[in-house]
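The block underneath contains the structure these notes are about, expressed in structure tokens.
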Amino acid sequence: MPAALRCESLEKRYGSTVALGGVDLDVAQGELLGLLGPNGAGKSTLTKIACGLVRATSGRAEVEGTPAGSAEARAAIGYLAELFRFPDWLTADELLVLHQDLAASEGGRGERSELLGLVGLGDARDTKVAAMSKGMQQRLGIAQALVGSPRLLMLDEPTSALDPVGRRVVRDLLRELRGRGIAVALSSHLLSEVELVCDRVAILVGGRILAQGTPAELARPRGAEVETADGVRSFPDARREDVPRIVAELVAGGGQVYGVRLLASTLEDAYLEAVGAA
């Protein structure tokens with residue numbers, strides 16, 4: 001099957017300003033990809049090109065093998081912008097009816113009930129948008145992105161306004177969607193959230209991808225600490241396979257070993273290194 005999203009040598013320029021400088025990126029079917037980067041890195045531009053809202057200067061973007069922006073590609077995508085505003089006078093149910101009409105979805109009341117339940121708003125069907133907290137509106141936004149059973153979700157900062165409970169609801173939802181084979185490209189500044197839920201991460205800085213891989217692949221070994229009777233001993237160059245030898249040598253020298261901890265950099269460390277290098 002073709003990739004849910006494929007970008008090849010994707011460039012976008014606004015005059016002399018380079019928003020994207022040749023991005024190569026694939027999102028596999030059912031994969032949850034985290035897009036990380038500082039403000040102005042090009043995350044939103046990439047998302048809008050994929051959705052057909054912005055036209056690339058050069059290169060190409062495809063959704064399930066069809067050109068981004070085509071009717072087939074748009075039908076396969078669900079989208080939630082970072083800054084959105086729903087009509088205050090609509091209820092949650094009425095808003096989803098509107099988006100069902102826009103997406104030509106025939107899911108009816110059953111689809112609306114399922115989506116509101118998925119995002120934890122099952123009891124808010126008749127609540128007007130004006131009466132909702134920002135977090136509730138954010139979750140309603142994710143529900144509208146799922147109208148019509150899209151196979152690729154483009155979510156721009158979907159957890160930015162959520163409290164810890166709301167973020168957990170969204171994490172559980174994203175795992176559920178992955179289990180259903182839906183691909184998700186998630187732009188976020190919350191590195192801890194991305195590390196918890198994403199299969200793979202791409203770090204975008206200055207319109208270019210500087211690093212990508214699983215959170216574990218982007219982390220780097222940083223040695224080991226051994227707790228002994230004389231205190232904690234640090235071995236900054238040690239690798240996992242070195243640990244048995246280190247412990248054996250300490251014990252042979254009369255030391256008492258109580259525990260070993262392997263150290264590794266976090267996704268935040270990898271992100272800061274990429275941004276700093278740029």
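Residues in the stretch 24-51 that are farther than 18 Å from V184 by Cβ and not charged (D, E, K, R): P38, N39, G40, A41, G42, T45.
Taking the conditions (1) at pLDDT 85 or above; (2) loosely packed, with under 15 Cβ neighbours inside 10 Å; (3) of a type in the set (G, A, S); (4) under 21 Å from A274 (Cα atoms) in turn, A211 satisfies each one other than (2).
Yes/no matrix, rows are residues, columns are (1) under 28 Å from N39 (Cβ atoms); (2) more than 13 Å from the chain's Cα centre (by Cα); (3) modelled with pLDDT under 90:
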{"position": "M132", "(1), (2), (3)": "yes, yes, no"}
{"position": "L140", "(1), (2), (3)": "yes, yes, no"}
{"position": "L153", "(1), (2), (3)": "yes, no, no"}
{"position": "D156", "(1), (2), (3)": "yes, no, yes"}
{"position": "S160", "(1), (2), (3)": "yes, no, yes"}
{"position": "V170", "(1), (2), (3)": "yes, no, yes"}
{"position": "V184", "(1), (2), (3)": "yes, no, no"}
{"position": "S188", "(1), (2), (3)": "yes, no, yes"}
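Residues are listed down the side, and each one gets a yes or a no for (1) surrounded by fewer than 23 Cβ atoms within 10 Å (Cβ to Cβ); (2) polar (S, T, N, Q); (3) touching a strand residue (DSSP E or B) at 6+ places or on another chain (Cβ under 9 Å):
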| position | (1), (2), (3) |
| --- | --- |
| A3 | yes, no, yes |
| C7 | no, no, yes |
| G21 | yes, no, yes |
| A73 | yes, no, yes |
| F86 | yes, no, no |
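Checking each residue in the stretch 192-206 for being modelled with pLDDT of 80 or more and in contact with a Ser or Thr (Cβ under 8 Å, 6 or more places away or on another chain) picks out V194, E195, D199, R200, V201.
Among the residues of the stretch 187-207, are any exposed (fewer than 15 other Cβ atoms within 10 Å of the Cβ) and either at positive phi or not assigned by TED's automatic domain parsing to the domain that holds V119 (or both)? No: the stretch 187-207 contains no residue that is exposed (fewer than 15 other Cβ atoms within 10 Å of the Cβ) and either at positive phi or not assigned by TED's automatic domain parsing to the domain that holds V119 (or both). The residues of the stretch 87-136 that are under 24 Å from E176 (Cβ atoms), among the acidic types (D, E) and part of a loop (DSSP other than H, G, I, E, B), listed by number, are E106, D123. Of the residues that make up the stretch 143-162, is at least one more than 24 Å from G52 (Cα to Cα), assigned by TED's automatic domain parsing to the domain that holds G34 and surrounded by fewer than 15 Cβ atoms within 10 Å (Cβ to Cβ)? Checked the stretch 143-162: no residue is more than 24 Å from G52 (Cα to Cα), assigned by TED's automatic domain parsing to the domain that holds G34 and surrounded by fewer than 15 Cβ atoms within 10 Å (Cβ to Cβ). Can we say A81 is within 19 Å of R167 (Cβ to Cβ) and either touching a residue at least 24 places away in the same chain (Cβ under 8 Å) or assigned by TED's automatic domain parsing to the domain that holds T45 (or both)? It is true that A81 is within 19 Å of R167 (Cβ to Cβ) and either touching a residue at least 24 places away in the same chain (Cβ under 8 Å) or assigned by TED's automatic domain parsing to the domain that holds T45 (or both).
The residues on offer are L46, L20, and the sole one that is of a type in the set (A, V, I, L, M), in a strand (DSSP E or B) and touching a residue at least 60 places away in the same chain (Cβ under 8 Å) is L20.
Restricted to the stretch 19-59, and to residues there that are modelled with pLDDT under 90 and aliphatic (A, V, I, L, M), the residue that is nearest to the chain's Cα centre (by Cα) is L36.
The values are calculated or read from the model by the stated rules, or taken from the named source; none is laboratory data. Here the structure is a predicted model, which means the values were calculated and not measured. Neighbour counts run over all protein chains shown; Cβ positions are idealised from the backbone, glycine included.
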